[in-house]
Each structure stands twice: as structure tokens, then as C-alpha cells.
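*Asks:* Take a look at this one; I'll ask things after.
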Amino acid sequence: MALSTSSAITLNINGEKHTLPVDHRTTLLDALRERLDLTGTKKGCDQGQCGACTVLVDGRRAVSCLQLAVASEGREITTIEGVAQGEQLHPVQQAFLDLDGYQCGYCTPGQVCSAIAVIEEHAAGWPSAATTDVRPEAGVPELSAEEIRERMSGNLCRCGAYVSIVQAVAQAAASNTEDTEAAA
């Protein structure tokens, strides 16, 4: 008896459920772009090295070219199309616009999704390779330019907009901190 090589799966993307048949070898990236017409997520290297395909899976960043669609079933997936609140841009998107954190724009969706996760990881106190004191009692490290560069290092920009990207992430993080403090 031959085993089936495809399944019907339900993906929860940007708060909407999508049921579709997929070959078990279909990546999340290909399911998003080719099956669901969510083309904001870009295909760059198709090897997990450039970050252009970065999406959020259960709030954590993931390179969708390396994740199988069948392994994504039951998880909350957020693509660039789902980060804004209606017409209101996400603070990271607004910061990228304000500070020209893009040039050609091809890598921008992955950069924005990654930056959203970076800000959350930092706020949660997760250290990076650039964190000088990783002891829990040291508290949350400053989100310096060096920290941002290290945390965003999985996302490449072939145009070289890195200076503006770092500034945009810093601005969005500061905005996030101000919003958190105002709510307290």
C-alpha cells in the first residue's frame, strides 16, 4: 500500500483559517505565495540564509522557506500583510517609512517581521551574542545599535540600507517602550 504524499491542512494566517491540500514537501513560503496569493513574503535564497521570507509563527520569527506547511498547521502565522491594524501601520512599518529603512523594498517584509520579533525578544530580556552581561540579575540590556545589528543579522539587505534599518528598529522599540509605560 502506497503512503499518501499530500494532505489537506488548515493554516491560521493573519487571523484567518485557510484549508488547502498540499504536498507534504511544500514549504510554508510556497503555500503562502503560490497557494494563498500572500505575496508580501518574498522568496530570496530559498536556503534560509537571507531572511527575505521571514514571518512570525506563534510570535517568533521563522524563515518560511525552511518550514514545511504541514508542520505549520495549528500555529498562528503572521505575514507582512497581517502586521498592520487596518489602515494603522505597525510601529515598525511606520519607523521604516519615517527613516527610509528600505531602498528597493524586496527585503523589507522580512526585515519588518524580524524587527517585530527582535523588539519582543529584547523586551522579554533574551540576550543576544552582543549582550555583554547575560546574568538574569543584570536585567534587560540596552537595545543599542550593536544589539540591533546582531539581532537582525539573519536578514540581509542587498541595497545596504542597514543604517536606516537599525535606526528604524530603535525608533519602533522606543515607541513600544513609551506605549508600555503609558499603559501602566
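*Asks:* Could you please let me know if residue 31 is under 23 Å from residue 121 (Cα atoms) and buried (at least 17 other Cβ atoms within 10 Å of the Cβ)?
*Replies:* Details: under 23 Å from residue 121 (Cα atoms): no; buried (at least 17 other Cβ atoms within 10 Å of the Cβ): yes.
In short, no.
*Asks:* Residue 155 versus (1) among the polar types (S, T, N, Q); (2) open to solvent by 60 Å² or more (accessible area, probe 1.4 Å); (3) in a loop (DSSP other than H, G, I, E, B); (4) in contact (Cβ under 8 Å) with a residue 40 or more places away in the chain: which is the lone unmet condition?
*Replies:* Every condition holds for residue 155 apart from (2).
*Asks:* In segment 8-18, is there at least one residue being in contact with a Leu (Cβ under 6 Å, 6 or more places away or on another chain), open to solvent by less than 80 Å² (accessible area, probe 1.4 Å) and closer than 20 Å to residue 80 by Cα?
*Replies:* Of the residues in segment 8-18, the ones in contact with a Leu (Cβ under 6 Å, 6 or more places away or on another chain) are 18.
Filter once more, so that each one left must be open to solvent by less than 80 Å² (accessible area, probe 1.4 Å): 18.
Of the ones still in play, those that are also closer than 20 Å to residue 80 by Cα are 18.
Yes, segment 8-18 contains a residue that is in contact with a Leu (Cβ under 6 Å, 6 or more places away or on another chain), open to solvent by less than 80 Å² (accessible area, probe 1.4 Å) and closer than 20 Å to residue 80 by Cα.
*Asks:* Could I ask something else about it? Pairs please, first residue from segment 84-96 and under 18 Å from residue 108 (Cα atoms), second anywhere and among the polar types (S, T, N, Q), Cβ atoms under 6 Å, 6+ apart in sequence or on different chains.
*Replies:* Between residues of segment 84-96 that are under 18 Å from residue 108 (Cα atoms) and residues that are among the polar types (S, T, N, Q), the close pairs are 91/175; 95/171.
*Asks:* If you don't mind, another one. Any residue at all in segment 94-114 that's in contact with a Leu (Cβ under 6 Å, 6 or more places away or on another chain), at pLDDT 95 or above and hydrophobic (A, V, I, L, M, F, W, C)? Give the steps one after another, and end with the answer.
*Replies:* Step one: of segment 94-114, the residues in contact with a Leu (Cβ under 6 Å, 6 or more places away or on another chain) are 113.
So of that shortlist, the ones also at pLDDT 95 or above come out as 113.
Filter once more, so that each one left must be hydrophobic (A, V, I, L, M, F, W, C): 113.
The answer is yes, given that some residue of segment 94-114 is in contact with a Leu (Cβ under 6 Å, 6 or more places away or on another chain), at pLDDT 95 or above and hydrophobic (A, V, I, L, M, F, W, C).
*Asks:* Which of the residues that make up segment 81-118 are of a type in the set (Ser, Thr, Tyr) and open to solvent by 50 Å² or more (accessible area, probe 1.4 Å)?
*Replies:* Of all residues in segment 81-118, those of a type in the set (Ser, Thr, Tyr) come to 102, 106, 108, 114.
Scanning segment 81-118 gives 102, 106.
*Asks:* Let me ask another. Filter segment 127-152 for residues that are assigned to a helix (DSSP H, G or I) and either open to solvent by 20 Å² or more (accessible area, probe 1.4 Å) or not acidic (Asp, Glu) (or both) and give the result. Working first, answer last.
*Replies:* Just the residues of segment 127-152 that are assigned to a helix (DSSP H, G or I), to begin with: 136-138, 145-151.
Within segment 127-152, 136, 137, 138, 145, 146, 148, 149, 150, 151 meet the criteria.
The values are calculated or read from the model by the stated rules, or taken from the named source; none is laboratory data. Computed from a prediction, not measured in an experiment: that's the story for all the values here. Note: ideal-geometry Cβ built from the backbone for every residue, glycine included; neighbour counts use all protein chains shown. With ligands, DNA and RNA removed, areas are computed over all heavy atoms of the protein, side chains included. Shrake-Rupley method; radii C 1.70, N 1.55, O 1.52, S 1.80 Å.
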